[in-house]
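Report on the structure given below.
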Amino acid sequence: MYGNDFGPPEPAGVTAAGPADLGGEDDATFLALIDADARVEPRDQMPGAYRASLIRQIAQHAHSEIIGMQPEGNWIGRAPSLKRKAILLAKVQDEAGHGLYLYAAAETLGVDRSELLDKLHSGRQKYSSIFNYPTLTWADMGAIGWLVDGAAIVNQVPITRCSYGPYARAMVRICKEESFHQRQGFEILHTLSNGTSAQQAMAQDAVDRWWWPSLMMFGPPDDASPNSERSMRWGIKRFSNDELRQRFVDMTVPQSQALGLTLPDPELSLDESAGHWRTGPIDFRELFEVIGGNGPCNAARLAHRRAAHERGQWVRDAAAAFAAKHATDAQGAA
Amino acid sequence: MSAAAATAGEWPLWEVFVRSRRGLSHAHVGSLHAPDAEMALRNARDLYTRRQEGVSIWVVPAAAITASSPDEKDAFFDPAADKVYRHPTFYAVPDGVEHL
C-alpha cells in the first residue's frame, strides 16, 4: 500500500552496516553512479548513511504494507457480496505480498527480517500513520482504495526509479498491482454514490473522514522535511512532498466530481493561471499526533500485529521441524 | 542450508526464478524465506505468480549461489574490453554489398 519516510529519527546503532561501507557521504565513485542515473546494487560500496536511510525507509514501507492489511481485513467478513469479498481478499493478500517484496529488498542491505519485525513490534520503527484511523463503514473500503491507494500510487511511482536497484524493482511489481486497488475503491464509491440516499451519505461520510489524512500521507511540507534534500541527492526520492501532494490533489478533484461527492475543504479552488487545484491549510499537528502514537488505532494495530505473530509461532516451528526431519531422512538414505 | 539453520529463528533465504511463458528463460524475480525447497516453491507461487506471471518456477538456496565480486569488477571483465573485433560492426563493408 504505502510507506513514507518521515517521523522521529532512529536511535543510533540500530541499523546494519555493510562490511565495506564508506564513512563519508560524498564518495566520488558512489556519487558518479548516482549522477549517471545508474542503479546501486546490493554488493556495491555505498555510504553507511545511504544504507541506513534505505533500511529505514524500506522497512517502514514494508511495515505499512502488513499493518495496512488490518483496516481492510476488518471488512472481509462483512463485505456486501461474494464478489466484493473475493476482491477484498485479493487486495489484502496483495498487501501481504507487497510487504514481503519489501522485506526481501531490505534484507539485501544486510539486515535480518526478524530484526525488522522486532523493531516494528517494539515500536522502534514506524509505519504509515494512515493505518491508525479506523474503518467504520463499508464505504471506508471505497475511500481507502480510491484515496489512500491513490496517494500511495502517486508516491510510489517515482520510487520505481529509486537509485537502489532492489527497492526500485520491488516497487515496479507493487505499482502494477496497486492500480487494481485504486480502481476497485473508486468503483465501490461510485456504486454507493449512485445508490440510495443512505448509501450516498455513507460514501460522503467516508470521503469526509479520509480526505485530510490522505493529504498528510505525503509527509510534512517541504520547508519542514529535514531528510528530503539528502534523499533527493542520493536518488532515493525524486520529487518533494509538496510536489507529490499537488499531483495527487490535481488528479483527485476531477475524480471526486465524477463520483458526485464533495471533498471536505471549503477553500478548495482551481488556480486557473497555474492550472492547479489549491487546498486550504493542512493541519499537520494531527499528523504528528498520530505519528507520536496518539491516533485512534495505534495501540490496537500494534497489539493485533504482535498477537498474530505470536499465534503463528507454532506454524513456523512445525514447518522448521518438518524440514529438519526430512533433511535428516535424506542424509540417512544417502 | 543445514537443518540447524532451518530450526533457527530465521528460515533460509531462497532466490526465485520465473519463466513467464514458454520460449523464454527463467528470470530472477526476487527472494523469500522458507524452511525447505517444497515450501519455497509454494511460497514463490503465492508471492510471485498471483496474476499468472509464470508457467514454471525455480527456487535456489541463496547460499548456493557463487557470484563475481563487485570489487574486482574491472579486472574480471577487462579481457572483453579491448576485443572490439568480436562485434560485426568492427568490419568495414564496401558500399552496395548486401546480406552480410
Mind sorting A:L270, A:L54 by how few other Cβ atoms lie within 10 Å of their own Cβ, fewest first? A:L270, A:L54
Under-5 Å amide H pairs with A:W277, H placed in peptide plane, nonlocal only: A:D250, A:D271
Would you mind giving the mean number of other chain beta-carbons within 10 Å of the Cβ of each residue in A:315-327, as a whole number? 6
Farthest toward positive dipole pole in region A:229-334 [+1 Lys/Arg, -1 Asp/Glu at C-beta], among A:P296, A:S273, A:G260: A:P296
When A:I291, B:I65, A:I34, A:I130 are arranged by how many other beta-carbons sit within 10 Å of their Cβ, fewest first, they go B:I65, A:I34, A:I291, A:I130
Anisotropy class of region B:3-68 from Cα gyration tensor, a/c 1.5 cut: oblate
Need the C-alpha centroid separation for region B:81-100 versus region A:290-319, integer Å. 64
Using amide H atoms built 1.01 Å from N in the peptide plane, name the residues 5+ places from A:V40, or on other chains, whose amide H lies under 5 Å from its own. A:Y164, A:G165
With charges only on Cβ, +1 for K and R and -1 for D and E, what is the dipole size of region B:3-68 about its Cα centre, in debye, rounded to 20? 420
How far apart, in nm, are the 7 Å Cα→Cβ label points at A:I282 and A:A198? 3.6
If you take the beta carbon distance between B:R22 and A:V172 as r and set R0 to 35 Å, what does 1/(1 + (r/R0)^6) give as a FRET efficiency, to the nearest 0.05? 0.90
Global form of region A:165-238, assessed from the alpha-carbon gyration tensor, a/c cut-off 1.5: oblate
Gain on full stretching of the segment that runs from A:A318 to A:A38 - 0.36 nm per residue minus C-alpha separation: 96.4 nm
For A:K237, list long-range residues whose amide hydrogen, built 1.01 Å from N in the peptide plane, is under 5 Å from its own amide hydrogen. A:M232
Net dipole in debye of chain A [+1 Lys, Arg Cβ; -1 Asp, Glu Cβ; about Cα centre; nearest 20]: 1140
Backbone N within region A:129-168 under 19 Å of label point (7 Å from A:L270 Cα along the Cβ vector): none
Rounded, prolate or oblate, given the Cα gyration tensor of chain A, with a/c below 1.5 counting as rounded? oblate
With +1 on each Lys and Arg Cβ and -1 on each Asp and Glu Cβ, how big is the dipole of region A:55-106 about its Cα centre, in debye rounded to the nearest 20? 240
Any chance you could count the Lys pairs in chain A whose alpha carbons are under 22 Å apart, treating pairs 8 or more apart or on different chains as valid? 6
Please work out the Cα convex hull volume for region A:75-118 and give it in Å³ per residue. 59
Quick check on region A:73-184: what are the equivalent-ellipsoid semi-axes from the Cα gyration tensor, as sqrt(5λ), descending, whole Å? 26, 17, 13
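Coordinate-derived values only; no laboratory data. Just so you know, these numbers come straight off a predicted model, no measurement behind them. Please note: Cβ atoms are built from the backbone with ideal geometry, for glycine as well, and neighbour counts cover all protein chains shown.
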